[in-house]
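These notes concern the structure reproduced below.
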Amino acid sequence: MFKDGFTNKLYMELKNYWLVWSIAFVVFLLFSLYIYENRSTFIVPREIEHTVMNQKKSEMTIGEITGDMEITQSFVAEQNQFMRIKIPFGTYNRQLQGNFGFELIDVESDEVIFTRDLPLNELQDGLDHNIDFPVIRNARGKEFEFTITGQGLDPGKTATIWRSSKDDYMQGKLIINGRDMQSDLRFKVMDVETKPLLSKQKFMMIGISILLFFLLSVVVLRIFKDKLHKAFLITAIPIGLAMVLIIPPFDQLDELEHYYRAFEVSEGKFINQQTEQGLGNFIPASLVETVYDVRYIHQSGYKYSIVKEAFQNKLNPEDRQFLRNYASSYPPLIYVPQALGMMLGRLIFDSPLMMMFLGRLINFVAYIAIVYAALKVVPVKKNLFYLFALLPMSIIHAASLSADGITNAMALLFVAYILKLAYGKVDKITKRHLIILIGIGLFVTLSKIVYIPMLLLFLLIPLKKFTNKKDYLKKFLIVFVGCLIPFIIWNLMNLSNMSVPDLRGNPGVSPKEQVMFVLLHPIFYIKTLFVTLFSLGPSQLVAMIGKVATNYQYPAPSIIIYTFLFMMLLFGLINDENDLKMQGRRMDRGILVFILLAVMLLIYTALYVGYNTVGNPIIYGIQGRYFVPIAILFFLSISNYQIINKNKDINLLIQTIIHCCMYALLFTYLVNING
């Protein structure tokens, strides 16, 4: 009887949800094929580097290497063998021709071990250049030196090398043209072994485990098909945690700047200080050294051995160096989760790299908690909010140290709470509601000035939920002023920092002259806006969803991006019975569109003034991620209340499709990052 009952239940399940289980089964097979087809990424032997010696101090350069200039650096091997020296050259981003000479010598025997030419056209500005030679064995404790010569190169047609400002590396010395510089070049000495990332057995076990976990998670989704806030957790938590771990350190967009800013906040340094070196803060040199160890080393696959070694770096908070961090202009409030993670890493592990990973983790946990609350409170368009909660761009940023993760989550919660007050079971707007609105709105307005118009969403709340028009106006002003006063206070406190120009921008940028140009040529600027929108808008749209979200540009498959876009358009247009609460006032659609256009105009104008040269005919520098906090307003504004969906099982279908998309993104990243 039990067997018959189970068979009947299984039959009814497959009958009622045949499309869902068909999609899950087909995707499972596709994932299996994808893993098998990319097995070589993990089981074919590859080079794995191990650091033998590392001099990472680099506060200055030696100047251009020209003429018969001769640079000699000595070092002592700390391991038994090595076969590679890595040197980052500065090319000034020029296309160079010619060669440097390179020679490696065993100091004890005065034997020339290796010589070769280094073609300048193979050097990449600021990136390590590998100089390989036959394996040198029995090297531990022995002294070696390498020499680089200019070979007659002329000024302006050559490169340079970074060096330390003082002699921190006591086992070696830097000599330029016979002169002891009392410092050292920045370089690494490496041993290299060849082996696969995983054995075939481990690869099979891990692959099967991930596939089974995927199937199990689809089953769990079925249980929570009518509870989107819980279904969100089933998809977001494993994907986000995986992103926290698998994306190489500082490969996230602007994560380096956010790393330094989160550390400043964790120490209570909220504002840049005026010092002899300029405006900035003194941070532990070990942070900068750790960044140097692991940043920009993953172009040809994740360097696990190098990252593992970097975990051994100690914080050493007494040894500090000056840093001018451009992210210091952002308020400390949006760095609280990252700072908490870094404080935890500092107290327990004393490791700068562990601080980074714990900062990522706590930032992701905060994103999950805030978005969970948004999905739970929003009374309408839950499917649309579910889609935005799982945007690849949002999840990837939440799994980094970026402040955008908190900004995106808080913006979603702010819109959700406004919709609750406007269309939910709220009879009267009370002080409690105002306090919550101000608390959420603070995160939105403080993050970037361009999002301030989002406060006008308050106008969606009907007049009937207030005592009278006077009460309506008073409470609107309380929210508006309550969010703006902290914004004004912060910017007044931070005025000196904001007045220093961002030296990373284009050299021809002049905000003051650009503002004057816009005021004197309004028609030209309007034309510039439309040209930018039509020429760059489509690429910014797919970028907003998450086409590329990292420095190394691991691309998300187009099918994932366009599935999200299609779903957002679909569930923006169609409505369920709860969504019909939104059709009462025609002006609401106009409010949404006005706020959307106002924020877009501010974003475009801010980039035009602060990033582009005066009178530029197109606005460059706009990234799709800037539109994530406001994009949902567009999809809310296109609702067609004549299209009503009465099939509640569509929730499970959309959850399954998006769940499959996110796992496809994870598999793609795993292959691309390790490829």
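The values are calculated or read from the model by the stated rules, or taken from the named source; none is laboratory data. Given the structure is predicted, the values throughout are model-derived calculations rather than measurements. So basically every Cβ, Gly included, is an ideal-geometry build from the backbone, and we count neighbours across all protein chains shown.
Test TYR367 against the criterion of being at pLDDT 95 or above and surrounded by fewer than 23 Cβ atoms within 10 Å (Cβ to Cβ), and give yes or no. Let's see the steps before the verdict.
Numbers: at pLDDT 95 or above: yes; surrounded by fewer than 23 Cβ atoms within 10 Å (Cβ to Cβ): no.
Answer is no for this residue.
Of the residues that sit in segment 163-202 and are closer than 30 Å to GLY675 by Cα, in a strand (DSSP E or B) and of a type in the set (A, V, I, L, M, F, W, C), which one is nearest to the chain's Cα centre (by Cα)? Among those residues, the one meeting the criterion is PHE187. Within the bounds of segment 403-421, is there any residue that is more than 23 Å from LYS474 (Cβ to Cβ), in a loop (DSSP other than H, G, I, E, B) and either modelled with pLDDT of 90 or more or aliphatic (A, V, I, L, M) (or both)? Yes: one or more hits. Scanning segment 531-587 for residues that are over 26 Å from ALA399 (Cα atoms) and part of a loop (DSSP other than H, G, I, E, B) turns up ILE574, ASP576, GLY584, ARG585, ARG586. For segment 83-132, the set of residues classified as out of contact with any Gly (no Cβ under 8 Å at 6 or more places or on another chain), assigned to a strand (DSSP E or B), of a type in the set (Asp, Glu) and surrounded by fewer than 18 Cβ atoms within 10 Å (Cβ to Cβ) consists of GLU103, ASP106, GLU111, ASP132, listed by residue number. Inside segment 580-639, residues that are of a type in the set (A, V, I, L, M), within 25 Å of VAL378 (Cβ to Cβ) and modelled with pLDDT of 85 or more make up a count of 18. The test for being under 30 Å from PHE28 (Cβ atoms) and over 24 Å from the mean Cα position of the chain (by Cα) does not hold for ILE643.
Would segment 401-424 turn up any residue that is free of Cβ contacts under 8 Å to residues at least 40 places away in the same chain and in contact with a Phe, Trp or Tyr (Cβ under 7 Å, 6 or more places away or on another chain)? Steps first, answer last, please.
First pass over segment 401-424, keeping only residues free of Cβ contacts under 8 Å to residues at least 40 places away in the same chain: none.
Within segment 401-424, not a single residue is free of Cβ contacts under 8 Å to residues at least 40 places away in the same chain and in contact with a Phe, Trp or Tyr (Cβ under 7 Å, 6 or more places away or on another chain).
Looking at segment 453-468, which of its residues are without any contact (Cβ under 8 Å) to a residue 60 or more places away in the chain and either under 24 Å from the mean Cα position of the chain (by Cα) or assigned to a loop (DSSP other than H, G, I, E, B) (or both)?
First, pick out the residues of segment 453-468 that are without any contact (Cβ under 8 Å) to a residue 60 or more places away in the chain: 455, 458, 461, 463-468.
Hits for segment 453-468 are ILE461, PHE466, THR467, ASN468.
Here PHE458 meets the list (1) within 25 Å of PRO332 (Cα to Cα); (2) at pLDDT 90 or above almost entirely, failing just condition (1). Right, ASP588: on the phi < 0 side of the Ramachandran plot, of a type in the set (D, E, K, R), out of contact with any strand residue (DSSP E or B) (no Cβ under 8 Å at 6 or more places or on another chain) and touching a residue at least 60 places away in the same chain (Cβ under 8 Å) or not? So ASP588 fits the description; yes. Please go through (1) free of Cβ contacts under 8 Å to residues at least 40 places away in the same chain; (2) more than 24 Å from the chain's Cα centre (by Cα) for GLY621 and return the number of the only condition it doesn't satisfy. Of the numbered conditions (1) free of Cβ contacts under 8 Å to residues at least 40 places away in the same chain; (2) more than 24 Å from the chain's Cα centre (by Cα), the odd one out for GLY621 is (2). Among the residues examined, SER165 qualifies as over 30 Å from SER40 (Cα atoms) and surrounded by 12 or more Cβ atoms within 10 Å (Cβ to Cβ).
Scan segment 138-146 and give yes if some residue there is buried (at least 20 other Cβ atoms within 10 Å of the Cβ) and under 19 Å from LEU118 (Cβ atoms), otherwise no.
Applying the first criterion (buried (at least 20 other Cβ atoms within 10 Å of the Cβ)) to segment 138-146 yields 139, 144, 146.
Subset that is under 19 Å from LEU118 (Cβ atoms): 144, 146.
Yes, some residue in segment 138-146 is buried (at least 20 other Cβ atoms within 10 Å of the Cβ) and under 19 Å from LEU118 (Cβ atoms).
Selection of segment 323-343 for residues being at pLDDT 90 or above and of a type in the set (A, V, I, L, M, F, W, C) yields LEU333, ILE334, VAL336, ALA339, LEU340, MET342, MET343.
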